[in-house]
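First the structure, in the form of C-alpha coordinates, and then the observations on it.
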Amino acid sequence: MVMDLRLQNMGGVEATRALRESFPEIKVVVLSMYDDEDMFSAR
(Lines give C-alpha, C1' and ligand atoms only; values in the text may rest on other atoms or scores of the structure.)
Protein backbone atom coordinates (compact mmCIF):
# COMPACT_ATOMS: atom_id res chain seq x y z
CA MET A 1 0.00 0.00 0.00
CA VAL A 2 1.17 3.53 -0.76
CA MET A 3 0.15 6.07 1.89
CA ASP A 4 -0.37 9.81 1.57
CA LEU A 5 0.69 11.57 4.78
CA ARG A 6 -1.78 14.43 4.30
CA LEU A 7 -5.23 12.86 4.20
CA GLN A 8 -8.34 15.01 4.72
CA ASN A 9 -10.09 13.17 7.54
CA MET A 10 -7.20 11.34 9.14
CA GLY A 11 -3.46 11.84 8.86
CA GLY A 12 -1.39 9.22 7.10
CA VAL A 13 0.41 8.21 10.29
CA GLU A 14 -2.90 7.60 12.08
CA ALA A 15 -4.32 5.77 9.07
CA THR A 16 -1.24 3.55 8.91
CA ARG A 17 -1.57 2.73 12.62
CA ALA A 18 -5.23 1.79 12.13
CA LEU A 19 -4.39 -0.40 9.13
CA ARG A 20 -1.56 -2.14 11.02
CA GLU A 21 -3.91 -2.92 13.90
CA SER A 22 -6.39 -4.57 11.55
CA PHE A 23 -3.85 -6.07 9.14
CA PRO A 24 -0.49 -6.56 10.94
CA GLU A 25 1.07 -8.15 7.86
CA ILE A 26 0.42 -5.13 5.60
CA LYS A 27 3.40 -3.35 4.07
CA VAL A 28 3.16 0.43 3.73
CA VAL A 29 5.35 2.71 1.61
CA VAL A 30 5.25 6.43 2.32
CA LEU A 31 6.25 8.86 -0.41
CA SER A 32 6.48 12.54 0.39
CA MET A 33 7.85 15.85 -0.79
CA TYR A 34 7.92 17.15 2.81
CA ASP A 35 11.27 17.47 4.57
CA ASP A 36 9.89 17.68 8.13
CA GLU A 37 11.80 14.92 9.92
CA ASP A 38 9.34 14.93 12.85
CA MET A 39 6.61 13.77 10.48
CA PHE A 40 8.60 10.65 9.63
CA SER A 41 9.73 9.78 13.12
CA ALA A 42 6.17 9.56 14.52
CA ARG A 43 5.52 6.08 15.90
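Filtering segment 13-43 to residues that are in a helix (DSSP H, G or I) and at pLDDT below 80 leaves E37, D38, M39, F40, S41.
Listed by first and then second residue, the pairs with beta-carbon distance under 6 Å, at least 6 apart or on different chains, first residue in segment 15-41 and within 17 Å of M1 (Cα to Cα), second part of a helix (DSSP H, G or I) and at pLDDT 75 or above, are I26/L19; V28/T16.
The values are calculated or read from the model by the stated rules, or taken from the named source; none is laboratory data. Quick caveat, the model's predicted, so the values are computed rather than measured. A quick note on method: Cβ atoms are made from the backbone with ideal geometry, for glycine too, and the neighbour counts reach across all protein chains shown.
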